[in-house]
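Trainee: Below: one structure in structure tokens.
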Amino acid sequence: MRKIWRAAVEAVTPYEAGKPLEMLVAELGLAELVRLSSNENPLGASPRVIEAVRREAAHIHLYPDGGSGALRDALAHGLGISPEQIVVGNGADELITLIALAAFDPGDEVAMPHPSFEPYATGAQIAGARVVPSPLAGYETDLDDLRRRVTPRTKVVFLCSPHNPATTIIRRRALLAFLDALGDDPPLIVLDEAYRDFVDDPEYPDGVSLLARYPRLLVLRTFSKIAGLAGLRVGYAIGSLETIDRLNRVRAPYNVNRLGQVAALAALEDPEHGARTRALVLEERAYLAAGLERRAIAFAPSQANFMLVRVKDAAAARDRLLRGGILVRDGAAVGFPGHLRITVGTREINERVLKLLED
Ligand SMILES: Cc1ncc(COP(=O)(O)O)c(C=O)c1O
């Protein structure tokens with residue numbers, strides 16, 4: 001028998017994104033279902049972004065700018081770096097795949113906290129690299145443990161701050177000590193800052209400001225969360241000229257579509273929408289935290305737009321919320337059994353969440 005598929009691919013468990021919202025609503029016979037399982041923006045996208053997408057619709061018969069040039073220029077201007085230090089991807093997800101494609105050979109090691117955002121491990125597995133998991137210390141990334149797991153075979157260390165699903169951040173001092181301890185020929189350190197806009201801890205470091213000092217650092221960001229563009233798939237990586245050049249070599253020529261590019265540009269031109277989103281999430285995160293505390297329900301100290309809440313029977317609690325019209329993520333599906341991962345919603349939704357959890 002001719003063997004078509006690579007063994008590494010046969011071993012991959014496909015990502016379980018859950019059923020489309022519309023299908024769930026129909027199946028459960030609900031009037032509506034609020035999705036708090038994917039950490040989306042409770043305000044949606046900015047009206048100015050939606051208008052820009054509408055205008056751009058007239059041009060969708062034309063290929064997009066293959067290098068997302070205007071978007072990279074605008075990002076670079078805002079960050080005070082060169083556009084050559086940025087590559088835009090079809091979501092940060094694509095960039096994680098590109099890292100695997102460009103860097104991993106079979107037998108390489110890829111270190112990451114465990115659990116963490118699943119695509120880090122999937123990319124490594126597909127490339128035939130070995131995932132080296134570093135258990136979280138409670139809800140915190142254990143940088144000492146991660147450092148001990150770095151060997152000459154380690155190609156990449158994935159860090160996620162705020163962490164998905166644990167919601168915690170890596171503080172500046174700890175990050176710098178970790179980077180310094182790796183010496184002057186370190187692995188590539190991927191710092192995933194997908195949820196950075198929801199942090200209010202003053203000790204949170206800005207990854208981009210560290211690039212000059214740590215050229216093997218690669219920062220990932222996305223328009224999916226703060227800008228509410230999850231459906232258009234736009235993320236970006238910021239790193240050294242060498243790293244960005246290698247990622248560009250393995251990406252598809254037109255990886256980011258026209259609507260995504262103009263939407264992201266319009267989002268950059270409407271920072272007030274991001275500020276409104278941040279203000280809402282921070283206020284509602286505090287409201288949820290206070291409500292959980294009052295009910296003696298434990299949770300991780302969140303710096304993200306979602307909470308990780310400890311419950312006795314997660315499957316039953318998820319089911320109760322679902323029947324109440326609210327979809328949340330069972331922690332077991334993201335490496336945290338006995339927990340629910342719940343996106344911060346609007347006040348009305350959060351009140352319903354607290355009530356349903358109390359029951
Ligand atoms: C930690 C983390 N990184 C990256 C992503 C992917 O973002 P994007 O929607 O840009 O692919 C997510 C999405 O949920 C995430 O949680």
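Trainee: Output ³J(HN,Hα) for segment 108-125: one whole-Hz value per residue in order, computed from phi by the Karplus curve 6.51 cos²θ - 1.76 cosθ + 1.60 with θ = phi - 60°, and x for Gly and Pro.
Mentor: 5, 10, 10, 9, 6, x, 10, x, 7, 3, 4, x, 4, 6, 4, x, 5, 4
Trainee: Additional query: Residues in segment 54-82 near a label at residue 206, defined as backbone nitrogen under 16 Å from the 7 Å Cα→Cβ point?
Mentor: Within reach of a label on residue 206: 75-82.
Trainee: Among 248, 286, 211, which residue has its Cα furthest toward the positive end of the charge dipole of segment 210-306, with +1 on Lys/Arg Cβ and -1 on Asp/Glu Cβ?
Mentor: Going by the Cα projections, it comes out as 248.
Trainee: May I pose another question? Under a Cβ-only charge scheme (Lys and Arg +1, Asp and Glu -1), can you give me the dipole magnitude of segment 47-268 about the Cα centre, in debye to the nearest 20?
Mentor: Values: 23 positive and 27 negative charges, 76 e Å.
Approximately 360 debye in magnitude.
Trainee: Within 11 Å, Cβ to Cβ, of residue 84, how many net charges do the neighbouring residues add up to if Lys/Arg are +1 and Asp/Glu are -1?
Mentor: On the way: positive: 72; negative: 73, 242, 245.
After counting each charged neighbour, the total is -2.
Trainee: Taking the Cβ-Cβ separation of residue 290 and residue 3 as r and a Förster radius of 56 Å, what is the calculated FRET efficiency to the nearest 0.05?
Mentor: On the way: r = 57 Å, r/R0 = 1.03.
E between residue 290 and residue 3, to the nearest 0.05, is 0.45.
Trainee: Report the paramagnetic label zone for residue 27: residues of segment 322-343 whose backbone N is under 19 Å from a point 7 Å from Cα along the Cα-to-Cβ axis.
Mentor: 322-334, 341
Trainee: So for the chain, taking the charge dipole from beta-carbon charges (+1 Lys/Arg, -1 Asp/Glu), which of 66, 151, 191 sits furthest toward the positive end?
Mentor: 151
Trainee: Let me ask something else. Whole Å is fine, so just give me how far the alpha carbon centre of segment 160-230 lies from that of segment 57-85.
Mentor: So the separation of the two Cα centres works out to 23 Å.
Trainee: Please list the non-local residues whose amide H lies under 5 Å from the amide H of residue 130, H modeled 1.01 Å from N, same-chain partners needing a gap of 5 or more.
Mentor: Distant-sequence amide H within range of residue 130: 107, 108, 109, 110.
Trainee: What shape does segment 47-268 take by its C-alpha gyration tensor, where a ≥ b ≥ c are the square roots of the eigenvalues and a/c under 1.5 counts as rounded, a/b above b/c as prolate, and the rest as oblate? Intermediate values should be presented prior to the final figure.
Mentor: Numbers: a/c = 1.86, a/b = 1.57, b/c = 1.19.
Prolate.
Bear in mind that the values in this text are calculations on the coordinates, not laboratory data. Just so you know, these numbers come straight off a predicted model, no measurement behind them. Backbone-built Cβ (ideal geometry, glycine too); neighbour counts: all protein chains shown.
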